[in-house]
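The values are calculated or read from the model by the stated rules, or taken from the named source; none is laboratory data. Owing to the predicted nature of the structure, the values given are computational and were not obtained by experimental measurement. Ideal geometry is used to build each Cβ from the backbone, glycine not excepted, and the neighbour counts take in all protein chains shown.
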Amino acid sequence: MRILRSHSFRVSISDSKVGLRHIVTRCRAVVLPRFGGPEVLELRPNVEVPDLKPNEVLVRTRAVSINPLDTRMRSGYGRSIFGPLLPLILGRDISGEVAAVGASVRGLTVGQEVFGALHPTAVRGTYADYAILSEDELAPKPASVTHVEASAIPFAALTAWRALKGTARIAEGQRLLVVGGGGAVGFSAIQLAVAARCHVTTTCGSQSIDRVLAAGAEQAVDYTAEDIALTIKGKFDAVLDTIGGPETERISISFLKKGGHYMTLQGEAASLTDRYGIVIGLPIATAVLLKKQIQYRSSHGIEYWWTFMRADSEGLDEIRRLSDAGKLNIPVEKTFPISQVREAHEAKEKKQIHGKVVLELD
Ligand SMILES: NC(=O)c1ccc[n+]([C@@H]2O[C@H](COP(=O)([O-])OP(=O)(O)OC[C@H]3O[C@@H](n4cnc5c(N)ncnc54)[C@H](OP(=O)(O)O)[C@@H]3O)[C@@H](O)[C@H]2O)c1
């Protein structure tokens, strides 16, 4: 038996014929007892840590980044799904060390530094001293970056990966338009597409122009100062629209070649189920999507998609490789200790901090 000591309690790891079993029973976690503003977040000292399933990994958290999904979930987005499951723990991204592994985990070992992201609908999130993820949601942390830097990457980069590789299946030489290349998902998409030898054009704010060009975008259009529809030239094989409003959708579609892919991150499945409940809202969402797909196929000859983040171990491995090679990063603007999670959410929501915010767990 090996005993690891954490700052607040004891963690025991025991070998058995089937693998390693953890007996961490409680830890600190940021709990969301009800939907609301940042003030509803509670850092509790004694939150239960469930037993590990065979494919799961217990991670001692070092850093978690704040994604827009965290602040949206906190205020009630997805309430049709999450409402009955309250209280829940927010947080998707993580970087930390493996504290224990389930019986069937083969690729990760105790003590190893890892990073990864939970599925968007996970109920026990990563704002906790100990988080549980399945093995395929984790990969070894890129050695060249810190926990803080690593924690900013997985959720955003996997969202971009799913759209570009899983949906549009981008290939060398193709042209990609990224609407919102200054954000975490858009910036990841630029870097993934450049690594795949695609030609990238992007829209972003003036403060992001130098960064997106340095990452390999061939054209960066300032959406605050220029008319996107007039400035961007030529047609594209795919558009990733991270903003997904009616205006960006209309312009994006007009830039696509026949057979091209329009992908928005603002699919309406969650908002429609919130409005009508799961039983009625989900079929409505399916119908809305199908209608748009049929309409755009016949009017413009293009493929229309709502894309969502999904865990993908192959994608995460590639993201780690690119990060280690210095070809994929997401700049972190500010860090907060986990004890200041309310302040961090408030700063993000009020747009007082422009870029990525990371919570650190000592
Ligand atoms: N469907 C999914 O599974 C999924 C997954 C992840 C994220 N999302 C959603 O995708 C969106 C982006 O996520 P994120 O993590 O990248 O957020 P983020 O890092 O906060 O980025 C947002 C960026 O959007 C840019 N922006 C705002 N208005 C714009 C416009 N009109 N044109 C171009 N750029 C504009 C700003 O860029 P500048 O700094 O350059 O001004 C801002 O930095 C969020 O709404 C999020 O909820 C969905």
- Residues in segment 138-152: is at least one hydrophobic (A, V, I, L, M, F, W, C) and within 15 Å of the ligand (Cβ to nearest atom)? yes
- Filtered residues of segment 317-362 (kept if in the same structural domain as ALA117 (by TED's automatic domain parsing) and assigned to a helix (DSSP H, G or I)): ILE338, SER339, GLN340, VAL341, ARG342, GLU343, ALA344, HIS345, GLU346, ALA347, LYS348, GLU349
- Go through ARG72, ARG92, ARG60 for me and flag whichever is touching a Pro at 6+ places or on another chain (Cβ under 8 Å), modelled with pLDDT of 95 or more and either basic (Lys, Arg) or not assigned by TED's automatic domain parsing to the domain that holds GLU343 (or both). ARG92
- Within segment 297-315, can one find any residue that is under 19 Å from the mean Cα position of the chain (by Cα), in contact (Cβ under 8 Å) with a residue 40 or more places away in the chain and away from the ligand (no atom under 14 Å from the Cβ)? yes
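Of ARG162, ARG175, which residue is modelled with pLDDT of 95 or more, touching a His at 6+ places or on another chain (Cβ under 6 Å) and of a type in the set (Lys, Arg)? Spell out how you get there, then give the answer.
Details: ARG162 fails: touching a His at 6+ places or on another chain (Cβ under 6 Å).
Unique residue meeting the criteria: ARG175.
Going by the structure shown, is GLY111 within 16 Å of the ligand (Cβ to nearest atom) and at pLDDT 95 or above?
On the way: within 16 Å of the ligand (Cβ to nearest atom): no; at pLDDT 95 or above: yes.
No: the conditions fail for GLY111.
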- Message: So, LYS292, is that one in contact (Cβ under 8 Å) with a residue 24 or more places away in the chain, basic (Lys, Arg) and surrounded by fewer than 19 Cβ atoms within 10 Å (Cβ to Cβ) or not?
- Response: no
- Query: Looking at segment 328-338, which of its residues are more than 19 Å from GLN207 (Cβ to Cβ) and surrounded by 15 or more Cβ atoms within 10 Å (Cβ to Cβ)?
  - Reply: LEU328, THR335, PHE336, ILE338
- Criterion: over 18 Å from LYS348 (Cβ atoms), in contact with a strand residue (DSSP E or B) (Cβ under 8 Å, 6 or more places away or on another chain) and in contact (Cβ under 8 Å) with a residue 40 or more places away in the chain - qualifying residue of VAL179, VAL212: VAL179
- Query: Out of all the residues in segment 264-272, is one or more modelled with pLDDT under 95, within 25 Å of the chain's Cα centre (by Cα) and among the β-branched types (Val, Ile, Thr)?
  - Reply: no
